[in-house]
Amino acid sequence: MMGPTSAPLWVLLGLVKAELGDFQKHALRWGIPVSLAYIAFAVITGAVTVT
């Protein structure tokens, strides 16, 4: 469903002539490792405790 909050995404995809699936693959390729690095850093510094 397309609403006012998703309009900028569709404009961006139209400007760069990319498909949504390609965009998601690229975003996940970077997003998952960066998120894991943030979590690891938080555990190492003690900001998050693992019990």
Exercise. Scan the chain for residues that are surrounded by fewer than 10 Cβ atoms within 10 Å (Cβ to Cβ) and among the polar types (S, T, N, Q) and jot them down.
Key: THR5, THR45, THR49, THR51
Practice problem: Can you tell me which residue among ALA18, ALA37 is not in a helix (DSSP H, G or I) and not β-branched (Val, Ile, Thr)? | Solution: ALA18
Practice problem: Output the qualifying pairs, or none if there are none: Cβ atoms under 8 angstrom, residues six or more apart or on different chains, first residue in the stretch 1-14 and at pLDDT 80 or above, second residue among the charged types (D, E, K, R). | Solution: LEU13/GLU19
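The values are calculated or read from the model by the stated rules, or taken from the named source; none is laboratory data. From a predicted model like this one, the values you see are computed outputs, not experimental measurements. When we count neighbours, we look across all protein chains shown, and the Cβ atoms used for this are built from the backbone with ideal geometry, even at glycine.
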